[in-house]
Amino acid sequence: MPVLNLESISIFHQIDSFVKNILNQHSSLRSIDILSVVSTLNQFQRSFFEIYDNDYCYSRTIDAFVGASHACIGEILLSEYIWNAESANRFIYYLLSYEPLIWSEYNREIKQKNTNRNELYGYANQVLEKYAKSLVVFVTLSYKKQVRSLISLEDFQENMVSLRDLISNRKTCFRDLVGHAWAIEQGVEKGYHCHLWLVYDGSKRQADFHIGKEIGEKWLKITNGLGEYHNSNNPETKYSYQQQGRLGIGRIHRNNLHEMQNAVSTALYLTAPLKFDQYLVVKPSGMKTFGKGILK
């Protein structure tokens, strides 16, 4: 069982929230509850440093947690240290020195997400304008909760490479694909997952639910049965979107402005600013988290 797996990395999200909470309290001039900080440090310190591996890329909040811990404790085994009010106050002092770097990274992430959003907006419009009828499919790929401890970050990375290769080959369930985009997120509950937005030539393909199901089954094959998926093109979900006036999947007609706008909005879900809490706080070096097709 890999130590740094899709189950164990949830602690990095908890530490990320812990660090941000301290920074937010400090920024708003609220008093920081030292006893709560002591409790959290003693609760997570051992399990965190048992799996922490500096071969991976971490967010600045995680770097700050590690740096402040080392500054307080020195070279003794961090996993065995017992925190108290005095050492917790020192921890906060050192942690705050990382604040400019943390907010700088946050601003870079926001800027990159906005760049991705603008590029995806233009790309989605161009893809949908190219055909009189398009067929839009939206699928979310993840792993069964009960097996996430068996899957390393490298496993996920390899699975995503296999999936993108299949998309590039344009065969089987990706036949007649004319555009696509994908985004990887790390949710607290769902863990690592990938959203896929796919556009097919509507004059050649139909039955969007079955295409979504084929894609999901392809993911199950790639993951040797450890994966799971949600096919948004199921009748219940489509009906719900239709009732809300937000249906942007299934058959989309170029001459129907409302359908076109909804289809673009569906694509932009991949880069939604309100989903910033799902950014990756730990990932293998060089791992891509967003991509889209190339217009031909």
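The values are calculated or read from the model by the stated rules, or taken from the named source; none is laboratory data. Note that the structure is a prediction, hence the values are computed from the model and not measured. Cβ atoms come from the backbone with ideal geometry, glycine included; neighbour counts cover every protein chain shown. For accessibility, only protein heavy atoms count, side chains too; no ligands or nucleic acids. Shrake-Rupley method; radii C 1.70, N 1.55, O 1.52, S 1.80 Å.
So which GluC sites (Glu not before Pro) in segment 184-272 end up in coil per DSSP with only 12 or fewer other C-beta atoms within 10 Å? Please list the in-between numbers first.
On the way: sites: 185, 189, 214, 217, 228, 236, 259; in loops: 189.
Taking segment 184-272 and a limit of 12 other Cβ atoms within 10 Å, the loop GluC sites (Glu not before Pro) found are 189.
Determine the dipole magnitude for the chain: charges of +1 sit on the beta-carbon of Lys and Arg, -1 on that of Asp and Glu, nothing else is charged, the reference point is the Cα centre, and the result goes in debye to the nearest 20. Can you show the working numbers first?
On the way: 33 positive and 30 negative charges, 315 e Å.
The dipole of the chain has a size of about 1520 debye.
I'd like to know which of 282, 162, 47 lies farthest towards the positive end of the charge dipole of the chain, counting +1 on Cβ of Lys and Arg and -1 on Cβ of Asp and Glu.
The residue sitting most towards the positive pole is 162.
Using only DSSP helix segments of four residues or longer, with each worth -39500 (n - 2.57), what per-residue ellipticity at 222 nm results for the chain after dividing by its residue count and rounding to 500? Let's see the in-between values first.
Details: 9 runs with 147 residues, N = 296.
Taking each H run of at least 4 residues, the total per residue is -16500 deg cm²/dmol.
I'm spelling it out carefully: the read-out is percent of Cα pairs over 23 Å apart, the candidates are (i) 57; (ii) 60; (iii) 52, and one was derived from this structure. Which label?
(ii)
In the chain, what percentage of the DSSP-assigned beta bridges are antiparallel, given to the nearest 5?
Looking only at bridges with both residues in the chain, the antiparallel portion is about 100 percent.
Relative contact order for segment 169-229: what is it in percent, counting Cα pairs under 8 Å that are at least 6 residues apart? Walk me through the intermediate numbers first.
Details: 53 pairs, mean separation 15.9, N = 61.
RCO, segment 169-229: 26 percent.
Could you list which residues have their amide H under 5 Å from that of residue 228, counting only those 5 or more apart in sequence or on another chain, with H placed in the peptide plane?
Long-range HN contacts for residue 228: 142, 143, 144.
Which of the GluC sites (Glu not before Pro) found in segment 66-132 are loop residues per DSSP with 15 or fewer other Cβ atoms within 10 Å of their Cβ?
Working: sites: 75, 80, 86, 105, 109, 119, 129; in loops: 75.
Counting only loop positions with at most 15 other Cβ atoms within 10 Å, the GluC sites (Glu not before Pro) in segment 66-132 are 75.
Computing the accessible area with a 1.4 Å probe over protein heavy atoms, can you report the carbon and sulfur percentage for segment 136-268? Write down the numbers at each step before the final one.
Details: 2900 of 6010 Å².
Answer for segment 136-268: carbon and sulfur cover 48 percent of the accessible area.
Evaluate Rg over Rh across segment 203-252, taking Cα atoms for both radii and Kirkwood's formula for Rh. Show your work: numbers first, answer last.
Numbers: Rg = 12.7 Å, Rh = 11.9 Å.
With Rg and the Kirkwood Rh in hand, the quotient comes to 1.06.
Ordered by residue, what ³J(HN,Hα) values in Hz, to whole numbers, does segment 172-178 give under the Karplus form 6.51 cos²θ - 1.76 cosθ + 1.60, where θ = phi - 60° and Gly and Pro are x?
6, 6, 9, 5, 6, 6, 10
Give the lysines reachable from residue 292 as a straight Cα distance under 19 Å; neighbours fewer than 8 places away on the same chain don't count.
In chain and number order, the partners are 111, 113, 130, 171, 275.
Can you pull the percent of segment 81-123's accessible area that's carbon plus sulfur, 1.4 Å probe, other chains left in place?
On the way: 1420 of 2710 Å².
Exposed carbon and sulfur together represent 52 percent of the surface.
Can you give the accessible area per residue of the chain, in Å², using a 1.4 Å probe? Display every interim value, and only then the final one.
Values: 14800 Å² over 296 residues.
The answer is 50 Å² per residue.
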